[in-house]
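Input: a single structure, listed below in structure tokens.
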Amino acid sequence: MSTFFSDRSSRFTKRSSSGFTLVELLVVIAIIGILIGMLLPAVQAVREAARRISCGNNIKNLALASLNYESAHQRFPASWAPTDSADGWSIQAQLLPYCEQANLESNIDFDKSYNDAVHSQVNLGGELVRLASARVPVLLCPSEPNDVVRLDGDAPEHYPLNYAGNAGTWFVYDPGTKQSGNGVCTTFRGTKFGEVTDGSSNTLFFAEVKAYNPYFRNVANAGDLPMPTSPGSVAGMGGDFKATTGHTEWVDGRAHQTSFTGTFTPNTMVPFSDSSTGEILDIDWTNQQEGKSSTVKTFAAVTSRSYHTGGVNTARADGSVHFESDSIALNTWQALATRNGGEVLSE
């Protein structure tokens, strides 16, 4: 009898000890949670590295498209191509057939205002949409969180972009003399390759910008304006405030939409305290929109920005791609932004 109970007790004990207790299960779950927490930043870092590489490929494609355009036309495209109105087309629009977007470009009449594209419709994937609201993949960074169409009421109106042309350091355009700034992307008349006397490998062509960036415009100060040296002074220069529409119109050749300037180094915070929301915004500024005055010059502080940690992707006039650090010296950045400044670079 005692042997029977002893054997039964032994079998019961073995079966009981073969499972997990609640405490052991909680410990295992906690360990798994810790491992996932340790792994997530690494996964996110790998994903961002992949997005940054994809972004670099996009901007390189635009640079190569610009070189192919120059080969065909003996000039780079103008940053604000002249039309029969005051609304000039962007470089990005002119490059469409050189970056596998010939079907979209075939719907554009470059002799007419880009505003015509806001209302003209094209068939994309079986759907009729406004041409200006078409999403152009090569113009968009994979890290851009606002990769969404801009609406006019409920209707798609414009699509944003993340790669802007180099309009120079500060001065952009004089409507009286038709003179342009010192960047590669010149207003009204495209730059010839021979005019890039600093060397194509020493001169920026494209750099990243953020979509839906806030900006001030059209304070219309007369004469020559000194370049601001302090980001904190820019908001006080005034103008009409636009909270969310900077870099949202890939068709528009004006500086605040499709260009950047080297006034400040990449990702410099240019602060504006928005009293209506209590937010501190990172702004751009332009004295006068191109084509909106026959006398007032365009000066612009349009900063290159990105969602990549530590810097921005850029492309130079020789087609090479460089990741420029936020810590780049201002004089070096501005030297890269000029096509004919004669500076000696010390990168």
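Read the figures in this text as sums done on the coordinates, not as results from a lab. Everything numeric here is computed off the predicted structure, so don't read it as measured data. Glycine gets a Cβ as well: all are built from the backbone with ideal geometry, and neighbour counts include every protein chain shown.
How many angstrom separate the Cα center of the stretch 290-347 from the Cα center of the stretch 147-210?
Going from one Cα centre to the other spans 10 Å.
Which angle between 0 and 90 degrees, to the nearest 10, do you get for helix 2-17 versus the longest principal axis of the chain when only C-alpha atoms count?
On a 0 to 90 degree scale, this one is about 0.
Just grab the label-to-label distance for PHE193 and GLU105, each label 7 Å out from Cα along the Cβ direction, in nm (one decimal).
1.7 nm
Could you sort 323-336, 201-214, 181-194 so that the peptide with the highest average Cβ count within 10 Å comes first and the rest follow in order?
Going from most to least packed, we get 201-214, 181-194, 323-336.
In square nanometres and to one decimal, what's the mean projected area of the convex hull around the Cα atoms of the stretch 269-347?
Result: a mean projected hull area of 8.1 nm².
Residue separation times 0.36 nm, minus the C-alpha to C-alpha distance between SER71 and THR21: what's the value?
Stretched out fully, the SER71 to THR21 stretch lengthens by 10.6 nm.
Using r as the Cβ-Cβ distance of ALA222 and MET269, and R0 as 35 Å, what FRET efficiency do you calculate, to the nearest 0.05?
0.75
Just rank CYS55, CYS99, fewest to most, by other beta-carbon atoms within 10 angstrom.
Ascending Cβ contact count within 10 Å gives the list CYS99, CYS55.
What is the angle, in °, between the Cα long axis of helix 22-73 and the longest principal axis of the Cα atoms in the chain? Nearest 10 is fine, range 0 to 90.
Here the helix axis deviates by roughly 20 degrees.
Which value at 222 nm does the chain reach when only helices count, each DSSP H run of 4 or more adding -39,500 (n - 2.57), with the total divided by all residues and rounded to the nearest 500 deg cm²/dmol?
Values: 7 runs with 92 residues, N = 347.
Mean residue ellipticity at 222 nm (helix-derived): -8500 deg cm²/dmol.
Remind me, relative contact order of the stretch 104-253 in percent, using alpha carbon pairs under 8 angstrom and six or more residues apart?
Taking the mean separation of contacting Cα pairs over the length of the stretch 104-253, I get 20 percent.
Provide the per-residue ³J(HN,Hα) series for the stretch 144-152, in order, calculated from phi with Karplus coefficients 6.51, -1.76, 1.60 and θ = phi - 60°, each as a whole number of Hz, with x at glycine and proline positions.
Computed from phi, the couplings for the stretch 144-152 are 5, x, 9, 7, 9, 5, 8, 9, 10 Hz.
Return P(r) of the chain (all Cα-Cα pairs; 20 Å bins starting at 0; whole %; ordered from short to long distances).
P(r) over the chain, rounded to whole percents: 29, 49, 10, 7, 5, 1.
List, in the order given, every pair from LYS210/LYS292; LYS112/LYS292; LYS178/LYS297; LYS112/LYS242 whose Cα-Cα distance in the structure shown is over 19 Å.
LYS210/LYS292; LYS112/LYS242
Extension gain PHE241-ASP154, at 0.36 nm per residue separation less the Cα-Cα distance, in nm?
Using 0.36 nm per residue and subtracting the Cα-Cα distance, I get 29.0 nm.
Place the peptides 30-37, 171-178 in order of packing, highest mean first, counting for every residue the other Cβ atoms within 10 Å and averaging per peptide.
Highest mean packing first, the order is 171-178, 30-37.
For the chain, what is the relative contact order in percent, using Cα pairs closer than 8 Å and at least 6 residues apart in sequence?
20 percent
Classify the stretch 140-208 as rounded, prolate or oblate, taking a ≥ b ≥ c as the square roots of the eigenvalues of its Cα gyration tensor: rounded when a/c is under 1.5, otherwise prolate if a/b is larger than b/c and oblate if not. Before the final figure, lay out each step's value.
Values: a/c = 3.45, a/b = 1.71, b/c = 2.02.
Oblate, because a/c is 1.5 or more while a/b does not exceed b/c.
For the stretch 81-231, state the semi-axes of the equivalent ellipsoid (square roots of 5 times the eigenvalues of the alpha-carbon gyration tensor), sorted largest first and rounded to whole angstrom.
28, 19, 18
In whole percent, what relative contact order does the stretch 92-145 give with Cα contacts below 8 Å and a gap of six or more residues?
It rounds to 24 percent for the stretch 92-145.
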